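Enquirer: Take a look at the following structure, please.
The values are calculated or read from the model by the stated rules, or taken from the named source; none is laboratory data. All of these numbers come straight from a predicted model, not from anything done at the bench. All Cβ positions, even for glycine, are placed from backbone atoms using ideal geometry, and neighbour counts span all protein chains on display. Heavy atoms of the whole protein, side chains included, go into the accessibility calculation; ligands, DNA and RNA do not. Shrake-Rupley method; radii C 1.70, N 1.55, O 1.52, S 1.80 Å.
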Amino acid sequence: GGALYALGGEYNVGSVRAPNGCIQILPPEQSTFQQKKLSKSIWSMRGWQNGYFEVQDAGSQCIVQSLEVSPGDYVLDYCAGNGGKTFGLASVLMDTNRLRRDDPDYSDEITSHIVAHDVVEERLRQVEGSLSRVGFEDGDPNDLSTITSYSAGCEASNDGSRRLRCSIQIASSTEIESKSSHFDAVLVDAPCSSTGVLRRRPSQRWDIRENQVLDVLPKLQLEILQRAASFVKEGGGKLVYSTCSMLKEENESVCRLFEESDAYAEHGFQRWGFDNRETNSVTLLPTSNSDGFFIARWKRL
C-alpha cells in the first residue's frame, strides 16, 4: 500500500499532541511505492480485524490526549458515539510506559475504568460490537454491576511485575444517573455542525442551517456540558469539551456560557490551561494531515 508516515508527537499544540505510535497512510502520489491505489481496504486488513490498530484522525487523538488520563483513572466518555475516543482512552490507560516504579501509589495491579455513554442506543451497540475485536471480553466489575460490562488486561512490560487492567462499561442515560461526581475525568465530544470535517464530508456544507448553528446546537451543547460537569469528582477532576466545529457559536460562546452558569460556580470549576499557553482552549485548524477541532478544559476544585 502507501507509505507510512510517523505522525506521533509531531502534530501538537502545547501539551496536546498526537500520541507516539500514530502513523499516517500516504496516498500513492506521495508514496515511494509506484502504484495507483492501495491494494486493499484498510478495513479488510488482518491487523485491523484483530484489533491491533484503530483508524482515527490525528486531531481527534489530540482530544484524547488533552484529558491527560493515567492508569488507574475512572473515566467517562459522555458522548461516546461509535467508540473511537473510548478505545483511544483505553489505549492510553493501558500504556505501560506511563507506569513509574517510584510512584507512591505503586501496586502490582492497576485497574482503570471507562464508562461509554450516549443517548443514541444504536451508537452504543456499535461500541459493544467492537469490544471483542479490540480484545475486550465479558467482565463484571463490582463497582458498576448494573451496567453492561466488558474487561481486558495486559501484562506490564517495563519491569515484568506490574499488571494493567482496563474495563469498559456501556451505559444508557438511565444507568448512569447514579454516578454523579464520581469520575476522575469526563470527556464531552459534543454533537455539532461538523464544519471542521468538510474536507472529508464536502456535502455537509449544504446541510448546515443558520438556526442550527446560532440557536439549536449551542443550546444542546451547553445543556450536555452542564450535565456532564456533574459527573466530575471534587479535588482535581478533569472536564474536556470538544467539537469538530470551527464556529465560535459552538465553541468559545458555549464555553463562556458554561463559565457563567450556576453549574460552573456550584461545582467549583476553574480553567485548566495548556502547557505554555494562558488559555484553556485550543483550535486545531483543518490541514492535509487532520480535520479541524476545538478543545477546552477545566478542573474541579
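Enquirer: Which helices (runs of 4 or more DSSP H) sit wholly inside segment 21-114 and have at least 3 residues that are buried (at least 21 other Cβ atoms within 10 Å of the Cβ) and at pLDDT 90 or above? Show your work before the answer.
Expert: Details: elements: 46-49, 58-66, 84-93.
Those helices (runs of 4 or more DSSP H) span 58-66, 84-93.
Enquirer: Is it the case, given these coordinates, that Q226 is touching a Phe, Trp or Tyr at 6+ places or on another chain (Cβ under 9 Å), touching a residue at least 12 places away in the same chain (Cβ under 8 Å) and open to solvent by 50 Å² or more (accessible area, probe 1.4 Å)? Give the steps one after another, and end with the answer.
Expert: Details: touching a Phe, Trp or Tyr at 6+ places or on another chain (Cβ under 9 Å): yes; touching a residue at least 12 places away in the same chain (Cβ under 8 Å): yes; open to solvent by 50 Å² or more (accessible area, probe 1.4 Å): yes.
Criteria met by Q226.
Enquirer: Something else: Within the set of pairs 6 or more residues apart or between chains, which connect a residue that is closer than 21 Å to V254 by Cα inside segment 190-212 to a residue that is at pLDDT 80 or above and of a type in the set (F, W, Y) with Cβ atoms less than 6 Å apart?
Expert: Filtered contacts from segment 190-212: G196/F293.
For every residue, the table says whether it meets (1) open to solvent by 20 Å² or more (accessible area, probe 1.4 Å); (2) farther than 26 Å from S194 by Cα; (3) under 18 Å from the mean Cα position of the chain (by Cα).
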site: Q221; (1), (2), (3): no, no, yes
site: V240; (1), (2), (3): no, no, yes
site: S253; (1), (2), (3): yes, no, no
site: D262; (1), (2), (3): yes, yes, no
site: H267; (1), (2), (3): yes, yes, no
site: Q270; (1), (2), (3): yes, yes, no
site: S288; (1), (2), (3): yes, no, no
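Enquirer: Right, K299: part of a strand (DSSP E or B) and among the charged types (D, E, K, R) or not?
Expert: For K299, the condition - part of a strand (DSSP E or B) and among the charged types (D, E, K, R) - is met.
Enquirer: Which members of segment 151-171 meet the condition of being open to solvent by 30 Å² or more (accessible area, probe 1.4 Å), modelled with pLDDT under 85 and closer than 19 Å to L89 by Cα?
Expert: First pass over segment 151-171, keeping only residues open to solvent by 30 Å² or more (accessible area, probe 1.4 Å): 153-155, 157-161, 163, 165.
Those left that are additionally modelled with pLDDT under 85: 153-155, 157-161, 163.
Across segment 151-171, the qualifying residues are G153, C154, E155, R163.
Enquirer: Shifting gears a bit: In segment 178-198, how many residues are under 21 Å from the mean Cα position of the chain (by Cα) and either assigned to a loop (DSSP other than H, G, I, E, B) or exposed (fewer than 13 other Cβ atoms within 10 Å of the Cβ) (or both)?
Expert: Adding up the residues that qualify gives 10.
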